[in-house]
Amino acid sequence: MGRYLFQNGNVYFACGDDPTCMTVDDFMASAHVADKEAHVLLVLSTEDQPAMIRRISRAFPRGGIRTFVPYSLALRAYLWGQNLVPAEQPMIVIDNIGDRYLLTAYNTREAVETRVLLPQNAERIAEEVRRSRKNLIEGLPTAACCLLGNDAAVIEVLSAEDKENVVFFETLFPAFEVLGTVRFAVHLMAPEDAAARQRQADRRGLLGAGAMALLMALAGIGYGWSAVMSEQAVDTAAQEATDQRAGGVPALKEVSIVTYQARLRQWPRVDFFDVSRQFMEGLPLESRVSSVTFERGQSDGWIFTGELVFEQKQVFPFSGHGLFTEAVSEAIVIEDKPGLKIRAVFSTCPAEERRAP
């Protein structure tokens, strides 16, 4: 697993316990870009960001970059994961990466900026931290700001002034620690890749709409079939009542509209719209619907089967809830791609009863 930090013209990466640095050009010509699984961090700067993102994306094999996020997100995930700072507290982090420092300021939950500082003595670096803290807390309801860093000399200088809010951590390249274990809400990609993913999402939406239309059609068939069978049952009961009256049997129950409605309510039904809605809500974003079937079981139940296809080789779980809490997922292969078969069996009691606690 390759872990890389792109910062302006340099690339920092971890090879065992020894961090290494190359220029971007040297890195692109090296064998590292052939890694089957790469996790990339990017320090966003005033450079042409789309061009850099595009260049990095094209350097690795298609699908090889598992994580591609701003450095500040990964660094924050590490600090929160280690419980080094409260989630809502403003903070400034000084990260010594060898030949320079990365100073990142966070306004509560968001990163304000990441600045690159050249090597200097501890007092000069501490002065930059103080300046950033002053700018950060202006306009905030609280003056408390946590200062964190992996440079012992800098932390010692800062602790002399405000020991309570200063935290030292020993980890070198702390942002690397969460790569491959944390899924981020933000994922960087070239504009053309973003457009391609949007087209894929649109196609998935059309397939989902088609599946919904199929379920709606099945719903109409199911309800119509239930109504016909129920009417036949009522007609039979009415005929039996007439025959019994003709034979002189007294006090027979009259088949009224109330009895008819009661019989309809007792006939097995399924709320197809509720089933389809909950199925679509559980779909992983990385999947598309291949097929959907809805058929009667041997008893008074319905069997729902949905097949999902994943464009990437990684399969994400189906988030079943509600009616799909007990659904069974089975790994399958569709069109030479990994997929999931979702199978669920539903009772045929009215929807109101199924929703009752």
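One residue stands out among those in the range 69-86 that are farther than 23 Å from CYS21 by Cα and assigned to a helix (DSSP H, G or I): the one that is farthest from the chain's Cα centre (by Cα), which is LEU79. Looking at GLU128, is it at pLDDT 90 or above, touching a strand residue (DSSP E or B) at 6+ places or on another chain (Cβ under 8 Å), not polar (S, T, N, Q) and not in a strand (DSSP E or B)? Here the answer is yes, as GLU128 does meet what is asked.
Exactly one residue out of ARG115, ARG55, ARG66 is of a type outside the set (A, V, I, L, M, F, W, C), modelled with pLDDT of 85 or more and in a helix (DSSP H, G or I), and it is ARG55.
Taking the range 156-168 as the range and being surrounded by fewer than 16 Cβ atoms within 10 Å (Cβ to Cβ) and among the hydrophobic types (A, V, I, L, M, F, W, C) as the test, only ALA160 passes.
Might you check whether a residue that is of a type in the set (A, V, I, L, M), under 30 Å from ALA152 (Cα atoms) and buried (at least 21 other Cβ atoms within 10 Å of the Cβ) occurs anywhere in the range 56-68? Taking every residue of the range 56-68 in turn, none turns out to be of a type in the set (A, V, I, L, M), under 30 Å from ALA152 (Cα atoms) and buried (at least 21 other Cβ atoms within 10 Å of the Cβ).
The set of residues from the range 87-112 being in a strand (DSSP E or B) and of a type in the set (A, V, I, L, M) comprises MET91, ILE92, VAL93, ILE94, LEU102, LEU103, ALA105, ALA111, VAL112. All conditions in (1) within 15 Å of ILE92 (Cα to Cα); (2) surrounded by fewer than 17 Cβ atoms within 10 Å (Cβ to Cβ); (3) in contact (Cβ under 8 Å) with a residue 24 or more places away in the chain hold for ALA153, with the sole exception of (1). Close contacts from the range 72-101, counting a first residue that is closer than 23 Å to LEU118 by Cα and a second that is part of a helix (DSSP H, G or I) and among the hydroxyl-bearing types (Ser, Thr, Tyr), with Cβ to Cβ under 8 Å and a gap of 6+ residues or different chains, come to ILE92/SER132.
Inspect the range 123-139 for any residue being surrounded by 15 or more Cβ atoms within 10 Å (Cβ to Cβ) and either on the phi > 0 side of the Ramachandran plot or touching a residue at least 60 places away in the same chain (Cβ under 8 Å) (or both) and give the result as yes or no. Looking for residues that are surrounded by 15 or more Cβ atoms within 10 Å (Cβ to Cβ) and either on the phi > 0 side of the Ramachandran plot or touching a residue at least 60 places away in the same chain (Cβ under 8 Å) (or both), one finds none in the range 123-139, hence no.
The values are calculated or read from the model by the stated rules, or taken from the named source; none is laboratory data. Since the model is a prediction, treat every value here as computed from it, not as a measurement. So basically every Cβ, Gly included, is an ideal-geometry build from the backbone, and we count neighbours across all protein chains shown.
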